[in-house]
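Structure record follows, encoded as structure tokens.
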Protein chains: 2
Amino acid sequence: MTRSRSRRANEAWEALLTAHASLMKRFAAEPIWGELSMREYDVLYTLSKHDEPLRLFELGRGVLLSQPALSRLVDRLADRGLIERTPDPEDGRGVRLDLTEAGRERQRRVGGRHAVDVARAVTAALTDEEIALLEAIGRKLAAQGAATPAQRNRQEAVL
Amino acid sequence: MTRSRSRRANEAWEALLTAHASLMKRFAAEPIWGELSMREYDVLYTLSKHDEPLRLFELGRGVLLSQPALSRLVDRLADRGLIERTPDPEDGRGVRLDLTEAGRERQRRVGGRHAVDVARAVTAALTDEEIALLEAIGRKLAAQGAATPAQRNRQEAVL
DNA sequence: TTAAGGTAGATGCAAACGCATGAAGATTGG
DNA sequence: CCAATCTTCATGCGTTTGCATCTACCTTAA
């Protein structure tokens, strides 16, 4: 019945969490980051993946950080000249974020070294087939996480 | 050649990161946590998995947190009566950490609700086979992360 | 035995975070 | 058209984090 399937789902999730924590520690310990924290790098990397500037809230979808924290993280990166912040002409509330040339260059430098470490760790642990499966499974899970934005009006509605 | 394999490894890792961030946000948004942060819950959960008390540094292996931060997080949980902290009789430097009855009870309560959410998300996204694969792959990656504790004496040794 | 070096955990302090809230532009319904 | 509501981002403030460092204890080797 469902019992076993739920249990297995939880065990798989725990395995994912453990893998995440374990490898993140490993990567964080590598002497490749320079002045960047991993979170800052994550933001630079996300921006580097997109050609058009991103809105702050779009950036927020990919980053595990509260909106105010992200807002200030972007502040700092802008102060350091790695990110350009311009008001969105199509939405007076919004901000358009883009890498500066220095930011793009910095991302490439650090990203190149980091990619080596990632490849080393992942290929050492998994076969080609497992790597492909991990990517497919990760995408499915990510899609699931993004869905169903909210339906929590129960408790509040009652009071 | 190695090129493609490295690239695939990086894409798989990115998929894992995205899945992690996406689902963590989802779970964090659930109204099940009460007075606990997810990090605090993580510590309670880790302790609940072990019968004997854990050392602080053992706890640290599973938690993505610096040693001082973990030390103080445990402080707070002890102040709240959820964790018991006793000096290790076999190692004068060490501390033995265990859940109090209140801590165990709190973990069970929150953990039960959380497990439901995890199962819902994971089973909605994956087949039984994928769930099994995710668990196997996660364990392999975690083992890889834990291995090779350190061999960074190159740069330092040179100077 | 004891000096040198290593490991476990705690603490001072500045930086970063989350929550609550605010200001301002967008959107929607009457 | 405009009031009410929602969305986007910023800011005040108390809490938590990380880095550097310290103390205390363990281990090793001479």
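The values are calculated or read from the model by the stated rules, or taken from the named source; none is laboratory data. On a predicted model such as this, the values are computed, not experimentally measured, just so you know. FYI the Cβ positions are ideal-geometry reconstructions off the backbone, even for glycines, and counts take in every protein chain you see. For accessibility, only protein heavy atoms count, side chains too; no ligands or nucleic acids. Shrake-Rupley method; radii C 1.70, N 1.55, O 1.52, S 1.80 Å.
Residue check, B:GLY60 against (1) open to solvent by 40 Å² or more (accessible area, probe 1.4 Å); (2) in a helix (DSSP H, G or I); (3) not hydrophobic (A, V, I, L, M, F, W, C), all met but one. Which one?
Going through the list (1) open to solvent by 40 Å² or more (accessible area, probe 1.4 Å); (2) in a helix (DSSP H, G or I); (3) not hydrophobic (A, V, I, L, M, F, W, C), B:GLY60 breaks only (1).
What are the pairs, 6+ residues apart or on separate chains, where a residue within region B:99-112 that is among the hydrophobic types (A, V, I, L, M, F, W, C) has its Cβ under 7 Å from a residue that is loosely packed, with under 13 Cβ neighbours inside 10 Å?
As it stands, the answer is B:ALA102/B:GLY81; B:VAL110/B:GLY34, since those pairs meet every condition given.
Take the conditions within 8 Å of chain B (Cβ to nearest Cβ) and of a type in the set (S, T, N, Q) and apply them to A:SER6. Does it pass?
Criteria met by A:SER6.
Can you tell me which residue among A:GLU52, A:GLU40 is under 24 Å from B:GLY60 (Cβ atoms) and either exposed (fewer than 15 other Cβ atoms within 10 Å of the Cβ) or in contact with a Lys or Arg (Cβ under 8 Å, 6 or more places away or on another chain) (or both)?
A:GLU40
Look through region B:84-103, keep the residues that are in a loop (DSSP other than H, G, I, E, B) and acidic (Asp, Glu), and return whichever of them is most open to solvent (accessible area, probe 1.4 Å).
B:GLU90
Pairs needed: first member in region B:10-22, more than 7 Å from every other protein chain (Cβ to nearest Cβ); second member anywhere, surrounded by fewer than 21 Cβ atoms within 10 Å (Cβ to Cβ) and not in a helix (DSSP H, G or I); C-beta distance under 6 Å; at least 6 residues apart or different chains.
If the second residue must be surrounded by fewer than 21 Cβ atoms within 10 Å (Cβ to Cβ) and not in a helix (DSSP H, G or I), no pairs are left.
List the number of the failed condition for A:GLY81; all other conditions in (1) away from DNA strand D (no atom under 14 Å from the Cβ); (2) of a type outside the set (Phe, Trp, Tyr); (3) not in a loop (DSSP other than H, G, I, E, B) hold.
Failed condition: (3).
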